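Beneath this line is the structure, given in structure tokens, with notes to follow.
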Amino acid sequence: MKVTLMLDDALFAQAQCLAHALGTTIEELIYRGLRRELAQGQTQAGGAYETLVDYSFGIIPRRAAMKKLGLTDYAQLLHSLAAAGLPRPKANKALMEQGTNQFVAMLGEASPDMPSGHSVDQGQPAARDR
């Protein structure tokens, strides 16, 4: 691919001198510099990506991920996941089951106070629904 770059005269002169001293071309200097910058950027961004992966797979909680990434808004975290091509995390199955069991237990404890026509029996419709 051909690309046109706008360089100021002083920078171009320095690049010419360096290329001559190294026995290479300005084009090769640009390739080297761009590759080096991309490698450094990937290394720096790698920590952020790893944090996003850990969050996406449920290894770390939302607040920990946001703190590591320096985010203050959950929408920013979701945007970062999407930009990285990662899925939103799914709820931890064991935690969901625990929460469901607690909820059912709470409903069972509350059932004597419920108005007539309401039932907490699993799978049984209330009398008025039959």
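The values are calculated or read from the model by the stated rules, or taken from the named source; none is laboratory data. Just so it is clear, the model here is predicted, and its values are computed rather than measured. With ideal geometry, Cβ positions are generated from the backbone for all residues, glycine too; neighbour counts draw on all protein chains shown.
Things worth noting here:
- Within the stretch 64-77, residues that are without any contact (Cβ under 8 Å) to a residue 40 or more places away in the chain and surrounded by 16 or more Cβ atoms within 10 Å (Cβ to Cβ) reach partners that are among the aromatic types (F, W, Y) and part of a helix (DSSP H, G or I) with beta carbons closer than 7 Å, at six or more positions or on different chains, in the pairs A65/Y55.
- Among residues of the stretch 19-33, those that are closer than 18 Å to L5 by Cα and of a type outside the set (S, T, N, Q), counted: 9
- Search result, residues across the stretch 81-105 that are assigned to a helix (DSSP H, G or I) and exposed (fewer than 10 other Cβ atoms within 10 Å of the Cβ): A83, K93, A94
- Pairs where the first residue, in the stretch 81-108, is of a type in the set (G, A, S) and the second is modelled with pLDDT of 85 or more and part of a helix (DSSP H, G or I), C-beta under 7 Å, 6+ apart: A84/Y49; A84/L52
- Matching residues, the stretch 58-96, being modelled with pLDDT under 90 and among the charged types (D, E, K, R): K90, K93
- Verdict on V53 being at pLDDT below 90 and outside any loop (DSSP other than H, G, I, E, B): yes
- Count of the stretch 5-30 residues, restricted to those that are in a loop (DSSP other than H, G, I, E, B) and loosely packed, with under 10 Cβ neighbours inside 10 Å, is 4.
- Verdict on F103 being modelled with pLDDT of 85 or more and more than 25 Å from the chain's Cα centre (by Cα): yes
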